[in-house]
Amino acid sequence: MPDITNPFFTEVAAGVQTAAERHGYAVFLAGADGSPKRQAKLIRALADRQVDGMILCPVDNADPLFDAASCDDHGVRCVLIDRGPRRSGNDVVTCDNYGGSLRLTRHLIELGHTRLGCIAGPKGLGVSQDRVRGFRDAMREFGLAAPEGSVYHGSFSAAAGEEGAASILRVHPDTTALFCLSDWTALGALAYLSKHSIPVPGQVSVAGFDNIHMSSLVHPALTTVDQPKREMGQAAVRLLLERISGRREAPKAITLPSTVILRDSTGPPPVS
């Protein structure tokens, strides 16, 4: 996992563990702390210990170890989950990131918001690119622009959520909605708005992406896009077991549906 503290990844890991144990496999969890170098070191260490297979949620898209041939050289079958190189020869499990982002952005616009900000993940990460593309395409559908400074790229972290909210509202103080492309980021944005006594959703609506358990417990409860996290983990195990048993050699991609979850953190924009 790229960040073992992010509840999204721990919920995916719970799905992996349940499915793997059902088939008699033990699961080792390793966190890369957002570092490609640490990630590569962990992959080599697990391969050297002759694990049966790996389910990888990559830090970025660049590591050559994610190439199918490289994984085979290590004698380990690999499945990528949530993100990874688009032209990889590995199996991949993800959700409909583009469609979820498109639908939630449409919802915000249909509420009456015309000045939206987007707090995104790293620029080069495919999952972030898909969600930003959904945001921009929905804006274009309604004839709205995303002006310079309205899309902030950072890590999928609470700190980036605070930094992103500060940056967007500094450049565009008339922003009435912030779409954060992970719930962890949205929690950071909510913290920033609370510190500055900006009411949510009275002055600024906030939405997230992932539907981690915590998103329903914060106040106001977070509108978000649900990713079927445990199901993603379970699907990755199924693909990996097919590879380990030799039942399938051709790479396979599974895209699970995403669903918009409406809660209290979004509402109509304030009356001017």
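Please treat every number below as a calculation from the coordinates, not as lab data. This structure is a prediction, so every number in the text was calculated from the model and none was measured. Cβ placement follows ideal geometry from the backbone for every residue including glycine, while neighbour counts extend to all protein chains displayed.
Quick one: Debye curve from the C-alpha atoms of region 97-226, no solvent, what's log10 I(q)/I(0) at q = 0.13 Å⁻¹?
-0.42
Calculate, in whole percent, how much of the Cα-Cα pair population of the chain lies beyond 28 Å.
Summing the P(r) tail past 28 Å for the chain gives 35 percent.
In whole percent, what relative contact order does region 97-226 give with Cα contacts below 8 Å and a gap of six or more residues?
25
Any idea what the dipole of the chain comes to, in debye rounded to 20, about its Cα centre with Lys/Arg Cβ at +1 and Asp/Glu Cβ at -1? The partial results should precede the final answer.
Working: 28 positive and 29 negative charges, 41 e Å.
Magnitude of the dipole: close to 200 debye.
Return a whole-number percent for the relative contact order of the chain, with Cα pairs under 8 Å and 6 or more residues apart as the contact set. Don't skip to the answer; put the middle values down first.
Working: 565 pairs, mean separation 59.9, N = 272.
After rounding, I find 22 percent.
Where in the chain lies the longest segment free of GluC sites (Glu not before Pro) that are both loop residues by DSSP (not H, G, I, E, B) and have at most 12 other Cβ atoms within 10 Å?
Longest stretch, sites excluded: 1-147.
What is the local net charge at ALA146, summed over the other residues whose Cβ is closer than 15 Å to its Cβ (Lys, Arg +1; Asp, Glu -1)?
+3
What is the Å³ per residue value for the convex hull set by the Cα atoms of region 83-142?
With only Cα atoms used, region 83-142 gives 79 Å³ per residue.
Hey, what number do you get for the chain at 222 nm if only DSSP H runs of n ≥ 4 count, each worth -39500 (n - 2.57), divided across all residues, to the nearest 500?
For the chain, the value works out to -13000 deg cm²/dmol.
Run the numbers for ARG22 and GLN50: contour at 0.36 nm per residue of separation, minus the present Cα-Cα distance, in nm.
8.0 nm
Along region 28-40, what does the Karplus equation 6.51 cos²θ - 1.76 cosθ + 1.60 (θ = phi - 60°) give for ³J(HN,Hα), rounded to whole Hz, x for Gly and Pro?
9, 9, 9, x, 8, 6, x, 9, x, 5, 5, 4, 4
Of VAL132, GLY99, PRO199, which is farthest along the charge dipole of region 97-226 in the positive direction, counting Lys and Arg as +1 and Asp and Glu as -1 at C-beta?
It is VAL132, whose Cα lies furthest towards the positive end.
Highest mean first, how do 259-265, 44-50, 92-98 rank when packing is the count of other Cβ atoms within 10 Å averaged over residues?
Packing proxy ranking, top to bottom: 92-98, 259-265, 44-50.
Taking only Cα atoms and a 10 Å spring cutoff, compute GNM fluctuations for the chain and point out the largest among PRO220, PRO36, PRO173.
PRO173
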